[in-house]
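The block underneath contains the structure these notes are about, expressed in structure tokens.
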Amino acid sequence: MSTPTLRVDTQDPTPPYEQLRRQLSDLMHTGALKPGDRLPPLRQLAGDLGLAVGTVARTYRELEAAGLVRSRRGGGTRVADQAPAPPADGHRQALDRHAAAYLRQARLLGADQETALDAVRRAWPADA
């Protein structure tokens with residue numbers, strides 16, 4: 001299994017473990033990560049993202065407590081077979097989080113609201 005790209009934004013005030021938890025949860029709820037898929041080992045993901053192993057371990061513990069993954073010694077951490085369904089507005093909440101992150105970055109670049117919205121309009125495919 002190839003894990004979709006995960007990233008941690010050091011400019012975001014959200015703790016790294018929570019950023020990672022949200023991304024993995026979103027990937028599970030959208031089907032990008034399917035039941036039984038194995039998540040990267042703690043040390044590997046921590047190294048890839050430049051995080052402490054304990055930070056990734058906390059992320060995995062939070063996901064396990066939510067019933068999204070199961071961990072087994074020697075078997076790694078895998079997406080749960082019956083992951084809880086996202087809330088009815090789960091996709092909207094995820095979209096709102098991504099939009100907020102985009103706006104934070106746009107503001108850091110000095111963009112005003114219209115410039116940020118124009119960038120989204122240019123990026124949106126005409127046939128979508």
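Taken together, the values in this text are just the output of simple stated rules run on the coordinates, not laboratory data. This structure is a prediction, so every number in the text was calculated from the model and none was measured. Cβ placement follows ideal geometry from the backbone for every residue including glycine, while neighbour counts extend to all protein chains displayed.
Can you work out the FRET efficiency for the pair Glu18 and Ala52, with r the C-beta to C-beta distance and R0 = 25 Å, to the nearest 0.05? Show your work: numbers first, answer last.
On the way: r = 14 Å, r/R0 = 0.57.
The computed FRET efficiency comes out at 0.95.
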Relative contact order computed over the chain (Cα-Cα under 8 Å; 6+ residues apart), in percent: 21 percent
Relative packing of 20-32, 68-80, which averages over residues the other C-beta atoms within 10 Å, highest first: 20-32, 68-80
Among (1) 7.7; (2) 16.6; (3) 9.4, the entry derived from the coordinates for mean projected area of the Cα convex hull in nm²: (3)
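Under unit Cβ charges (Lys, Arg +1; Asp, Glu -1), what dipole magnitude, rounded to 20 debye, does the chain have relative to its Cα centre? Numbers along the way, then the final one.
Working: 18 positive and 15 negative charges, 125 e Å.
For this selection, approximately 600 debye.
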